[in-house]
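A short worksheet on the structure shown next.
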Amino acid sequence: MTFQNTLEFAKELDASDALAHYRNEFHYPQVNGKDVIYFTGNSLGLQPKRTQKFVDEVMKDWRELAVEGHFYADKPWWDYHERLAEGLGKVVGAKPEEISVMNTLTVNLHLLMVSFYRPTEKRFKIICEEKAFPSDQYMLQSQVRFHGLDPKDAIVEVKKRDGEHAWRTEDIIQKINEVGDELALVLMGGVNYYNGQVLDMKAITKAGKDVGAFVGWDLAHGVGNIKLRLHEWDADFAAWCSYKYMNSGPGNASGIFIHERHLGKEGIPRFEGWWGAKKETRFLMKPEFDPIETADAWQLSNPPILSIAPYLASLEIFDEVGMDALIKKQKTIVAFLEFVLYEIDKEVDSTFEIITPAARGCQLSVFLHGEGKSIFDYLMKKGVITDWREPNVIRLAPAPLYCSYGDMYRFGQILKAGIQDK
Ligand SMILES: Cc1ncc(COP(=O)(O)O)c(C=O)c1O
(Lines give C-alpha, C1' and ligand atoms only; values in the text may rest on other atoms or scores of the structure.)
Protein backbone atom coordinates (compact mmCIF):
# COMPACT_ATOMS: atom_id res chain seq x y z
CA MET A 1 0.00 0.00 0.00
CA THR A 2 1.29 3.49 -0.79
CA PHE A 3 0.79 5.74 2.20
CA GLN A 4 0.32 9.51 2.38
CA ASN A 5 1.06 11.61 5.42
CA THR A 6 -2.22 13.51 5.37
CA LEU A 7 -5.23 13.63 7.64
CA GLU A 8 -7.52 12.70 4.73
CA PHE A 9 -5.52 9.58 3.99
CA ALA A 10 -5.47 8.57 7.68
CA LYS A 11 -9.23 9.08 7.77
CA GLU A 12 -9.65 6.84 4.73
CA LEU A 13 -7.68 4.11 6.46
CA ASP A 14 -9.85 4.47 9.55
CA ALA A 15 -13.02 4.34 7.45
CA SER A 16 -11.99 1.00 5.95
CA ASP A 17 -10.68 -0.45 9.23
CA ALA A 18 -12.78 -3.48 10.22
CA LEU A 19 -11.69 -3.08 13.86
CA ALA A 20 -12.30 0.67 14.11
CA HIS A 21 -15.41 0.27 16.27
CA TYR A 22 -13.40 -1.52 18.99
CA ARG A 23 -12.05 1.92 19.87
CA ASN A 24 -15.37 2.54 21.61
CA GLU A 25 -14.84 -0.52 23.76
CA PHE A 26 -12.08 1.20 25.78
CA HIS A 27 -11.66 4.01 28.32
CA TYR A 28 -9.04 6.64 27.44
CA PRO A 29 -7.22 8.93 29.86
CA GLN A 30 -7.97 12.57 29.09
CA VAL A 31 -5.43 15.33 28.49
CA ASN A 32 -6.65 18.83 27.68
CA GLY A 33 -10.18 17.41 27.56
CA LYS A 34 -9.36 14.92 24.79
CA ASP A 35 -8.67 11.20 24.57
CA VAL A 36 -4.93 10.60 24.65
CA ILE A 37 -3.02 8.98 21.82
CA TYR A 38 -1.94 5.83 23.63
CA PHE A 39 1.31 4.16 22.63
CA THR A 40 1.99 2.23 25.83
CA GLY A 41 -0.17 -0.84 25.39
CA ASN A 42 3.15 -2.71 25.59
CA SER A 43 3.35 -1.57 29.20
CA LEU A 44 -0.24 -1.38 30.45
CA GLY A 45 -3.21 -1.84 28.13
CA LEU A 46 -6.26 0.41 28.35
CA GLN A 47 -9.29 -0.62 30.36
CA PRO A 48 -12.03 -2.27 28.30
CA LYS A 49 -15.44 -0.84 29.17
CA ARG A 50 -16.93 -4.31 29.60
CA THR A 51 -14.44 -5.11 32.40
CA GLN A 52 -16.56 -3.26 34.94
CA LYS A 53 -19.46 -5.65 34.35
CA PHE A 54 -17.27 -8.70 34.97
CA VAL A 55 -15.88 -7.25 38.20
CA ASP A 56 -19.31 -6.05 39.37
CA GLU A 57 -20.66 -9.54 38.84
CA VAL A 58 -18.05 -11.01 41.21
CA MET A 59 -18.66 -8.26 43.77
CA LYS A 60 -22.40 -8.92 43.62
CA ASP A 61 -21.96 -12.67 43.99
CA TRP A 62 -19.62 -12.16 46.92
CA ARG A 63 -22.08 -9.69 48.52
CA GLU A 64 -25.11 -11.91 48.02
CA LEU A 65 -23.72 -15.42 48.22
CA ALA A 66 -20.53 -15.11 50.27
CA VAL A 67 -18.90 -18.53 50.53
CA GLU A 68 -21.64 -20.14 48.45
CA GLY A 69 -20.30 -18.20 45.48
CA HIS A 70 -17.61 -20.86 45.14
CA PHE A 71 -20.25 -23.23 43.79
CA TYR A 72 -23.44 -21.24 43.13
CA ALA A 73 -22.32 -18.00 41.51
CA ASP A 74 -23.34 -17.65 37.85
CA LYS A 75 -19.70 -18.29 37.10
CA PRO A 76 -18.73 -20.36 40.13
CA TRP A 77 -15.37 -19.37 41.57
CA TRP A 78 -13.94 -22.84 42.13
CA ASP A 79 -13.50 -23.40 38.40
CA TYR A 80 -13.65 -19.75 37.24
CA HIS A 81 -10.07 -19.89 35.89
CA GLU A 82 -10.97 -22.77 33.57
CA ARG A 83 -13.05 -20.33 31.52
CA LEU A 84 -9.86 -18.67 30.33
CA ALA A 85 -8.07 -21.74 29.01
CA GLU A 86 -9.80 -22.09 25.66
CA GLY A 87 -9.56 -18.41 24.70
CA LEU A 88 -5.96 -18.18 25.83
CA GLY A 89 -5.17 -21.37 23.94
CA LYS A 90 -6.30 -19.60 20.76
CA VAL A 91 -4.16 -16.57 21.56
CA VAL A 92 -0.96 -18.53 22.18
CA GLY A 93 -1.54 -21.53 19.90
CA ALA A 94 -2.04 -24.20 22.54
CA LYS A 95 -4.54 -26.81 23.66
CA PRO A 96 -6.75 -25.67 26.57
CA GLU A 97 -5.24 -28.34 28.82
CA GLU A 98 -1.79 -26.85 28.22
CA ILE A 99 -2.87 -23.51 29.75
CA SER A 100 -3.32 -22.30 33.28
CA VAL A 101 -3.83 -18.84 34.80
CA MET A 102 -2.17 -18.18 38.12
CA ASN A 103 0.11 -15.85 40.11
CA THR A 104 2.15 -13.23 38.30
CA LEU A 105 4.80 -13.54 35.63
CA THR A 106 8.07 -13.62 37.57
CA VAL A 107 6.52 -15.94 40.15
CA ASN A 108 5.45 -18.30 37.38
CA LEU A 109 8.83 -18.28 35.67
CA HIS A 110 10.35 -19.30 39.00
CA LEU A 111 7.80 -22.08 39.43
CA LEU A 112 8.38 -23.30 35.88
CA MET A 113 12.11 -23.35 36.44
CA VAL A 114 11.53 -25.69 39.35
CA SER A 115 10.22 -28.12 36.75
CA PHE A 116 12.40 -27.27 33.76
CA TYR A 117 15.76 -26.23 35.14
CA ARG A 118 17.22 -29.40 36.55
CA PRO A 119 20.96 -28.89 36.39
CA THR A 120 23.32 -31.85 36.56
CA GLU A 121 27.08 -31.81 36.89
CA LYS A 122 27.40 -31.97 33.13
CA ARG A 123 24.27 -30.15 31.91
CA PHE A 124 23.73 -26.98 33.89
CA LYS A 125 23.90 -23.99 31.56
CA ILE A 126 21.12 -21.57 30.62
CA ILE A 127 21.04 -19.52 27.44
CA CYS A 128 19.25 -16.17 27.43
CA GLU A 129 19.56 -12.93 25.50
CA GLU A 130 21.95 -10.22 26.70
CA LYS A 131 20.21 -7.48 28.69
CA ALA A 132 17.08 -9.57 29.17
CA PHE A 133 14.31 -7.82 31.09
CA PRO A 134 15.85 -7.22 34.55
CA SER A 135 13.30 -9.36 36.40
CA ASP A 136 14.30 -12.30 34.17
CA GLN A 137 17.97 -11.68 34.88
CA TYR A 138 17.35 -11.64 38.65
CA MET A 139 15.16 -14.71 38.34
CA LEU A 140 17.79 -16.66 36.40
CA GLN A 141 20.65 -15.61 38.68
CA SER A 142 18.75 -16.51 41.84
CA GLN A 143 17.67 -19.88 40.42
CA VAL A 144 21.24 -20.71 39.48
CA ARG A 145 22.50 -19.72 42.94
CA PHE A 146 19.69 -21.74 44.53
CA HIS A 147 21.24 -24.80 42.87
CA GLY A 148 24.65 -23.90 44.33
CA LEU A 149 26.03 -22.68 41.00
CA ASP A 150 27.67 -19.44 39.97
CA PRO A 151 25.70 -17.34 37.46
CA LYS A 152 29.01 -16.47 35.76
CA ASP A 153 29.50 -20.15 34.87
CA ALA A 154 25.90 -21.13 34.29
CA ILE A 155 24.30 -18.22 32.41
CA VAL A 156 25.32 -17.74 28.79
CA GLU A 157 24.06 -14.56 27.15
CA VAL A 158 23.66 -14.28 23.39
CA LYS A 159 24.95 -10.91 22.27
CA LYS A 160 24.07 -8.73 19.34
CA ARG A 161 26.88 -8.06 16.88
CA ASP A 162 28.84 -4.83 17.31
CA GLY A 163 26.94 -1.91 15.85
CA GLU A 164 23.73 -3.94 15.37
CA HIS A 165 20.48 -3.43 17.24
CA ALA A 166 18.94 -6.87 16.79
CA TRP A 167 19.90 -10.46 17.48
CA ARG A 168 20.60 -12.75 14.56
CA THR A 169 18.89 -16.12 14.66
CA GLU A 170 22.04 -17.82 13.36
CA ASP A 171 24.05 -16.40 16.29
CA ILE A 172 21.52 -17.73 18.80
CA ILE A 173 21.51 -21.15 17.17
CA GLN A 174 25.28 -21.21 16.95
CA LYS A 175 25.51 -20.44 20.68
CA ILE A 176 23.03 -23.23 21.43
CA ASN A 177 25.14 -25.69 19.43
CA GLU A 178 28.35 -24.44 21.01
CA VAL A 179 27.05 -25.00 24.55
CA GLY A 180 25.58 -28.30 23.31
CA ASP A 181 25.39 -31.04 25.91
CA GLU A 182 26.11 -28.61 28.73
CA LEU A 183 22.87 -26.79 27.92
CA ALA A 184 20.04 -27.40 30.39
CA LEU A 185 17.65 -24.63 29.39
CA VAL A 186 17.00 -21.94 26.79
CA LEU A 187 14.83 -19.22 28.31
CA MET A 188 14.38 -16.01 26.34
CA GLY A 189 11.93 -13.19 25.78
CA GLY A 190 10.03 -14.14 22.62
CA VAL A 191 9.50 -10.45 21.84
CA ASN A 192 12.20 -8.20 23.25
CA TYR A 193 10.93 -5.44 25.49
CA TYR A 194 13.56 -2.91 24.38
CA ASN A 195 13.93 -3.21 20.61
CA GLY A 196 10.58 -4.90 19.89
CA GLN A 197 12.27 -7.75 18.00
CA VAL A 198 10.32 -10.98 17.53
CA LEU A 199 12.70 -13.92 17.84
CA ASP A 200 12.37 -16.93 15.57
CA MET A 201 10.84 -19.03 18.32
CA LYS A 202 10.23 -22.00 16.07
CA ALA A 203 13.87 -22.30 14.94
CA ILE A 204 15.32 -21.54 18.38
CA THR A 205 13.03 -24.04 20.09
CA LYS A 206 14.07 -26.71 17.62
CA ALA A 207 17.77 -25.95 18.07
CA GLY A 208 17.47 -26.11 21.87
CA LYS A 209 15.60 -29.38 21.77
CA ASP A 210 18.04 -30.86 19.26
CA VAL A 211 20.84 -30.55 21.82
CA GLY A 212 18.65 -32.03 24.55
CA ALA A 213 17.76 -28.87 26.48
CA PHE A 214 14.40 -27.63 27.70
CA VAL A 215 13.13 -24.50 25.95
CA GLY A 216 10.85 -21.90 27.55
CA TRP A 217 9.62 -18.45 26.55
CA ASP A 218 8.83 -15.26 28.44
CA LEU A 219 5.97 -13.89 26.37
CA ALA A 220 5.23 -10.70 28.30
CA HIS A 221 5.54 -8.75 25.04
CA GLY A 222 4.34 -11.52 22.76
CA VAL A 223 0.92 -12.49 24.07
CA GLY A 224 -1.93 -10.70 22.32
CA ASN A 225 0.64 -9.09 20.03
CA ILE A 226 1.98 -11.66 17.59
CA LYS A 227 0.94 -15.01 16.19
CA LEU A 228 2.12 -17.70 18.59
CA ARG A 229 2.05 -21.45 17.99
CA LEU A 230 3.51 -22.76 21.20
CA HIS A 231 2.20 -26.30 20.85
CA GLU A 232 3.28 -26.69 17.25
CA TRP A 233 6.69 -25.15 17.92
CA ASP A 234 7.11 -27.78 20.61
CA ALA A 235 8.19 -25.36 23.35
CA ASP A 236 8.36 -26.99 26.76
CA PHE A 237 6.83 -24.06 28.61
CA ALA A 238 6.01 -20.37 28.46
CA ALA A 239 4.62 -17.69 30.74
CA TRP A 240 3.25 -14.21 30.17
CA CYS A 241 1.63 -11.34 32.00
CA SER A 242 -1.81 -10.13 31.01
CA TYR A 243 -1.64 -6.42 31.66
CA LYS A 244 0.11 -5.32 28.46
CA TYR A 245 -1.51 -6.17 25.12
CA MET A 246 -4.11 -8.33 26.89
CA ASN A 247 -5.61 -5.33 28.74
CA SER A 248 -6.40 -7.15 31.98
CA GLY A 249 -5.35 -4.44 34.45
CA PRO A 250 -2.29 -3.43 36.46
CA GLY A 251 -0.17 -6.25 37.87
CA ASN A 252 -2.76 -8.78 36.87
CA ALA A 253 -2.60 -12.56 36.68
CA SER A 254 -0.15 -14.42 34.49
CA GLY A 255 -0.78 -17.29 32.10
CA ILE A 256 1.36 -20.37 31.64
CA PHE A 257 1.77 -22.94 28.90
CA ILE A 258 3.15 -26.39 29.53
CA HIS A 259 3.45 -28.71 26.57
CA GLU A 260 1.12 -31.69 26.80
CA ARG A 261 4.03 -34.15 26.82
CA HIS A 262 4.81 -32.98 30.37
CA LEU A 263 1.23 -33.26 31.62
CA GLY A 264 -0.01 -36.11 33.77
CA LYS A 265 3.57 -37.34 34.26
CA GLU A 266 4.68 -38.71 37.57
CA GLY A 267 7.92 -37.56 39.06
CA ILE A 268 8.16 -34.14 37.39
CA PRO A 269 9.65 -31.79 39.99
CA ARG A 270 7.08 -29.14 40.86
CA PHE A 271 6.05 -26.98 43.79
CA GLU A 272 2.51 -28.01 44.68
CA GLY A 273 -0.60 -26.72 46.44
CA TRP A 274 -4.21 -27.78 46.84
CA TRP A 275 -5.52 -26.05 43.70
CA GLY A 276 -3.29 -28.31 41.60
CA ALA A 277 -5.10 -31.35 42.97
CA LYS A 278 -7.98 -33.00 41.10
CA LYS A 279 -11.31 -31.29 41.68
CA GLU A 280 -12.99 -34.63 42.46
CA THR A 281 -10.69 -35.35 45.38
CA ARG A 282 -9.57 -31.86 46.42
CA PHE A 283 -12.10 -31.42 49.19
CA LEU A 284 -11.51 -34.86 50.67
CA MET A 285 -8.54 -33.13 52.32
CA LYS A 286 -6.30 -36.15 51.94
CA PRO A 287 -2.57 -35.87 52.60
CA GLU A 288 -1.62 -37.33 49.18
CA PHE A 289 -1.40 -34.89 46.27
CA ASP A 290 -3.49 -36.16 43.36
CA PRO A 291 -2.53 -33.82 40.48
CA ILE A 292 -4.88 -32.59 37.77
CA GLU A 293 -3.74 -33.90 34.42
CA THR A 294 -3.53 -30.46 32.86
CA ALA A 295 -1.31 -27.41 33.34
CA ASP A 296 -3.58 -26.60 36.31
CA ALA A 297 -1.47 -29.10 38.28
CA TRP A 298 1.01 -26.21 38.62
CA GLN A 299 -1.58 -24.03 40.40
CA LEU A 300 -0.91 -23.59 44.08
CA SER A 301 -3.67 -21.47 45.56
CA ASN A 302 -7.31 -20.82 44.86
CA PRO A 303 -7.22 -18.11 42.19
CA PRO A 304 -7.88 -14.41 42.88
CA ILE A 305 -11.27 -14.13 41.18
CA LEU A 306 -11.33 -10.33 41.26
CA SER A 307 -8.12 -10.36 39.22
CA ILE A 308 -9.05 -12.93 36.67
CA ALA A 309 -12.52 -11.46 36.05
CA PRO A 310 -10.97 -8.55 34.06
CA TYR A 311 -8.78 -11.06 32.23
CA LEU A 312 -11.88 -12.99 31.19
CA ALA A 313 -13.52 -9.75 30.02
CA SER A 314 -10.53 -8.89 27.90
CA LEU A 315 -10.28 -12.38 26.47
CA GLU A 316 -13.85 -12.07 25.28
CA ILE A 317 -12.68 -9.23 23.02
CA PHE A 318 -9.74 -11.26 21.71
CA ASP A 319 -12.11 -14.11 21.02
CA GLU A 320 -14.48 -11.87 19.06
CA VAL A 321 -11.72 -10.28 17.02
CA GLY A 322 -9.32 -13.21 16.60
CA MET A 323 -5.54 -12.93 16.36
CA ASP A 324 -5.52 -12.99 12.55
CA ALA A 325 -7.66 -9.87 12.19
CA LEU A 326 -5.72 -8.17 14.97
CA ILE A 327 -2.38 -8.88 13.33
CA LYS A 328 -3.67 -7.78 9.94
CA LYS A 329 -4.46 -4.33 11.31
CA GLN A 330 -1.30 -4.28 13.39
CA LYS A 331 0.91 -4.75 10.32
CA THR A 332 -0.75 -1.87 8.52
CA ILE A 333 -0.87 0.55 11.44
CA VAL A 334 2.77 -0.10 12.42
CA ALA A 335 3.84 0.34 8.79
CA PHE A 336 1.85 3.60 8.64
CA LEU A 337 3.48 4.83 11.85
CA GLU A 338 6.90 3.98 10.41
CA PHE A 339 6.03 5.91 7.24
CA VAL A 340 4.82 8.93 9.23
CA LEU A 341 8.06 8.93 11.25
CA TYR A 342 10.20 8.89 8.12
CA GLU A 343 8.11 11.68 6.55
CA ILE A 344 8.50 13.87 9.66
CA ASP A 345 12.21 13.05 9.74
CA LYS A 346 12.53 14.80 6.36
CA GLU A 347 10.97 17.96 7.78
CA VAL A 348 13.02 18.36 10.99
CA ASP A 349 16.73 18.67 11.86
CA SER A 350 16.78 15.70 14.23
CA THR A 351 17.06 12.20 12.78
CA PHE A 352 14.99 9.19 13.71
CA GLU A 353 16.52 5.73 13.72
CA ILE A 354 14.09 2.87 14.07
CA ILE A 355 16.01 0.08 15.80
CA THR A 356 13.20 -2.47 15.63
CA PRO A 357 13.99 -5.04 12.94
CA ALA A 358 11.56 -6.31 10.29
CA ALA A 359 10.67 -9.24 12.57
CA ARG A 360 8.39 -7.14 14.72
CA GLY A 361 4.97 -6.97 16.32
CA CYS A 362 3.30 -3.85 17.55
CA GLN A 363 6.28 -1.94 18.85
CA LEU A 364 8.66 0.47 17.15
CA SER A 365 11.65 1.56 19.22
CA VAL A 366 13.07 4.78 17.87
CA PHE A 367 16.30 6.64 18.58
CA LEU A 368 15.53 10.36 18.39
CA HIS A 369 19.03 11.59 17.52
CA GLY A 370 19.36 15.26 18.43
CA GLU A 371 16.55 15.09 20.98
CA GLY A 372 16.46 14.66 24.75
CA LYS A 373 13.87 13.83 27.36
CA SER A 374 12.20 17.21 26.86
CA ILE A 375 10.54 15.93 23.65
CA PHE A 376 9.03 13.07 25.62
CA ASP A 377 7.74 15.55 28.23
CA TYR A 378 6.33 17.68 25.42
CA LEU A 379 4.51 14.70 23.91
CA MET A 380 3.04 13.78 27.29
CA LYS A 381 1.81 17.35 27.79
CA LYS A 382 0.14 17.23 24.39
CA GLY A 383 -1.64 13.99 25.22
CA VAL A 384 0.67 11.48 23.51
CA ILE A 385 1.53 8.74 25.96
CA THR A 386 4.82 7.07 25.01
CA ASP A 387 7.61 5.42 26.89
CA TRP A 388 11.09 6.90 27.23
CA ARG A 389 14.30 4.91 27.72
CA GLU A 390 17.69 6.53 28.23
CA PRO A 391 19.57 7.86 26.34
CA ASN A 392 16.94 8.93 23.78
CA VAL A 393 14.74 6.02 22.75
CA ILE A 394 10.98 6.22 22.62
CA ARG A 395 8.97 3.06 22.33
CA LEU A 396 5.74 3.35 20.38
CA ALA A 397 3.22 0.52 20.39
CA PRO A 398 0.01 1.34 18.50
CA ALA A 399 -2.20 -1.47 19.83
CA PRO A 400 -4.61 -2.30 16.99
CA LEU A 401 -7.64 -2.68 19.24
CA TYR A 402 -7.73 0.94 20.29
CA CYS A 403 -5.32 3.00 18.18
CA SER A 404 -6.44 4.67 14.97
CA TYR A 405 -4.66 5.74 11.82
CA GLY A 406 -5.75 9.28 12.66
CA ASP A 407 -3.79 8.91 15.93
CA MET A 408 -0.65 8.11 13.93
CA TYR A 409 -1.07 11.16 11.72
CA ARG A 410 -1.77 13.48 14.69
CA PHE A 411 1.20 12.05 16.57
CA GLY A 412 3.47 12.91 13.62
CA GLN A 413 2.24 16.50 13.61
CA ILE A 414 2.68 16.90 17.38
CA LEU A 415 6.18 15.39 17.20
CA LYS A 416 7.13 17.76 14.40
CA ALA A 417 5.81 20.78 16.32
CA GLY A 418 7.65 19.65 19.48
CA ILE A 419 10.95 19.46 17.61
CA GLN A 420 10.50 22.66 15.59
CA ASP A 421 9.27 24.77 18.53
CA LYS A 422 12.23 23.90 20.74
C1 LIG B 1 9.76 -9.22 29.40
C2 LIG B 1 9.26 -9.09 30.81
N3 LIG B 1 9.51 -10.09 31.68
C4 LIG B 1 9.09 -10.02 32.95
C5 LIG B 1 8.38 -8.95 33.43
C6 LIG B 1 7.98 -8.90 34.86
O7 LIG B 1 6.61 -9.01 35.02
P8 LIG B 1 5.93 -9.15 36.48
O9 LIG B 1 6.23 -7.91 37.25
O10 LIG B 1 4.47 -9.26 36.18
O11 LIG B 1 6.50 -10.35 37.14
C12 LIG B 1 8.06 -7.90 32.54
C13 LIG B 1 7.29 -6.73 33.00
O14 LIG B 1 7.07 -5.76 32.32
C15 LIG B 1 8.53 -7.97 31.20
O16 LIG B 1 8.29 -6.99 30.33
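The values are calculated or read from the model by the stated rules, or taken from the named source; none is laboratory data. All values derive from a computational prediction rather than experimental measurement. No Cβ is skipped: glycine too gets one built from the backbone with ideal geometry, and neighbour counts run over all protein chains shown. With ligands, DNA and RNA removed, areas are computed over all heavy atoms of the protein, side chains included. Shrake-Rupley method; radii C 1.70, N 1.55, O 1.52, S 1.80 Å.
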> Rounded to the nearest 5, what is the percent of antiparallel bridges among the DSSP beta bridges in the chain?
Replying inline: 60
> Straight-line reach from K346: which lysines have a Cα under 25 Å away, not including same-chain ones fewer than 8 places off?
Replying inline: K11, K331, K373, K381, K382, K416, K422
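Can you pull out the chymotrypsin sites (Phe, Trp or Tyr not before Pro) in the stretch 280-386 that DSSP calls coil and that have at most 15 other Cβ atoms within 10 Å? Please list the in-between numbers first.
Values: sites: F283, F289, W298, Y311, F318, F336, F339, Y342, F352, F367, F376, Y378; in loops: F283, F289.
Passing sites in the stretch 280-386 are F283, F289.
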> Most mobile of D236, D407, D377 per a Gaussian network model of the chain (Cα springs, under 10 Å)?
Replying inline: D377
>> Just to be sure I understand: with springs between alpha-carbon atoms less than 10 Å apart, which residue in A399, A20, A220 has the highest mean-square fluctuation in the Gaussian network model of the chain?
In response: A20
> Amide H neighbours of V186 under 5 Å, counting only residues 5+ apart in sequence or on other chains, H built in-plane at 1.01 Å?
Replying inline: I127, F214, V215, G216
> On a 0 to 90 degree scale, rounded to 10, what angle separates helix 134-146 from the longest Cα axis of the chain?
Replying inline: 30
>> Rounded to whole Å, give me the distance from the Cα center of the stretch 231-264 to that of the stretch 335-399.
In response: 30
>> Please give me, ordered by residue number, the chymotrypsin sites (Phe, Trp or Tyr not before Pro) of the stretch 7-104 that lie in loop per DSSP and have at most 12 other Cβ atoms within 10 Å.
In response: none
> Of E338, E280, E57, which is the most mobile in a GNM of the chain whose springs link Cα atoms less than 10 angstrom apart?
Replying inline: E280
> When all protein chains stay in place, what accessible area (Å², nearest 10, 1.4 Å probe) is found for E353?
Replying inline: 60
>> Run the paramagnetic zone check for H369: 7 angstrom along Cα to Cβ, then residues of the stretch 383-402 with backbone nitrogen under 19 Å.
In response: 389-395
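Taking a ≥ b ≥ c as the square roots of the Cα gyration tensor eigenvalues, with a/c under 1.5 meaning rounded and otherwise prolate when a/b beats b/c, else oblate, which class fits the chain? It would help to have the intermediate numbers written out before the result.
Details: a/c = 2.23, a/b = 1.28, b/c = 1.74.
Verdict is oblate for the chain.
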>> Taking the full set of protein chains and a 1.4 angstrom probe, give the accessible area of V114 in square angstrom, rounded to the nearest 10.
In response: 30
> Angle, helix 305-321 long axis vs. longest principal axis of the chain, Cα atoms, 0 to 90°, nearest 10?
Replying inline: 60
> What residues have an amide H closer than 5 Å to that of V31, excluding those fewer than 5 places away on the same chain, when H is modeled at 1.01 Å from N in the peptide plane?
Replying inline: V36
> Name the trypsin sites (Lys or Arg not before Pro) in the stretch 175-245 that are in a loop by DSSP and that have at most 14 other C-beta atoms within 10 Å, would you?
Replying inline: K227, R229
> Say each of K202 and L284 gets a label point 7 Å from the Cα, pointing the same way as Cα to Cβ; how far apart are those two points in nm?
Replying inline: 4.5
> Among all the lysines, which ones have a C-alpha under 30 Å from K53's C-alpha, if same-chain residues fewer than 8 places away are not counted?
Replying inline: K34, K75, K90, K95, K227, K244, K279, K328, K329
> Under a plain spin-label model, where a point goes 7 Å from the Cα along Cα-to-Cβ, how far apart in nm are K75 and R118?
Replying inline: 3.6
> When we measure straight from the Cα of K159, which lysines land under 19 angstrom away, once same-chain ones fewer than 8 places off are left out?
Replying inline: K125, K131, K175
> Can you give me the relative contact order of the chain as a percent, contacts being Cα pairs under 8 Å and 6 or more apart?
Replying inline: 24
> Residue separation times 0.36 nm, minus the C-alpha to C-alpha distance between F9 and T332: what's the value?
Replying inline: 115.0 nm
> Where Rh denotes the Kirkwood radius from the mean inverse Cα pair distance, what is Rg over Rh for the stretch 98-161?
Replying inline: 0.99
> Taking Cα atoms, how many degrees apart are the long axis of helix 169-179 and the longest axis of the chain, rounded to 10 and kept between 0 and 90?
Replying inline: 30
> Any idea how far apart E64 and R161 come out in nm if each label point goes 7 Å out from Cα toward Cβ?
Replying inline: 6.5
